[in-house]
Amino acid sequence: MKNSLNGKGFILIELLITIALIVIVVIWGLSIGGNQWFTEETVLRKLRAEHPNVTEIVDTQRNIWNYSEIKVKENGKLKTYLLDSNILFNYEIHEKLSQ
């Protein structure tokens, strides 16, 4: 009995598996979160645009799965802001409410 595939039948399957793996890696990379990607200069620039009295960043606590905390000096006082960003460098900064 002659093999009708002639060694060409696995090309499509290999291609589909490769594409699936690439898609999985890209989705995983995007889901890591962007809070590891921010630079302090960019965050300070964004903070100063919304809060002109911010003078400097004192401390940053980066968090992959949640908001990162940015401690700044504003009017001589320490304030904490929460930073939410993504891998596309879109930043949202929220003032942390005191507890």
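Which residues, taken from the stretch 37-57, are without any contact (Cβ under 8 Å) to a residue 24 or more places away in the chain, among the hydroxyl-bearing types (Ser, Thr, Tyr) and either assigned to a helix (DSSP H, G or I) or over 14 Å from Lys73 (Cα atoms) (or both)?
Result: Thr39, single match.
I'm told Thr60 meets every condition in (1) part of a helix (DSSP H, G or I); (2) at pLDDT 80 or above except one. Can you identify the failing condition by its number?
Evaluating Thr60 over (1) part of a helix (DSSP H, G or I); (2) at pLDDT 80 or above leaves (1) as the failure.
For residues that are over 14 Å from the mean Cα position of the chain (by Cα) and among the hydroxyl-bearing types (Ser, Thr, Tyr), scanning just the stretch 53-71, find the one that is surrounded by the fewest Cβ atoms within 10 Å (Cβ to Cβ).
Thr55
Would you mind stating whether Ile22 is exposed (fewer than 14 other Cβ atoms within 10 Å of the Cβ), under 25 Å from the mean Cα position of the chain (by Cα), at pLDDT 85 or above and in a helix (DSSP H, G or I)? So that I can check it myself, show each step before the final result.
Values: exposed (fewer than 14 other Cβ atoms within 10 Å of the Cβ): yes; under 25 Å from the mean Cα position of the chain (by Cα): yes; at pLDDT 85 or above: yes; in a helix (DSSP H, G or I): yes.
Taking the combined requirement at face value, the residue satisfies it.
Answer yes or no as to whether Leu78 is buried (at least 16 other Cβ atoms within 10 Å of the Cβ), of a type in the set (A, V, I, L, M) and at pLDDT 85 or above.
On the way: buried (at least 16 other Cβ atoms within 10 Å of the Cβ): no; of a type in the set (A, V, I, L, M): yes; at pLDDT 85 or above: yes.
In short, no.
The values are calculated or read from the model by the stated rules, or taken from the named source; none is laboratory data. All of these numbers come straight from a predicted model, not from anything done at the bench. Quick reminder, even Gly has a Cβ in these numbers, built from the backbone with ideal geometry, and neighbours come from all protein chains shown.
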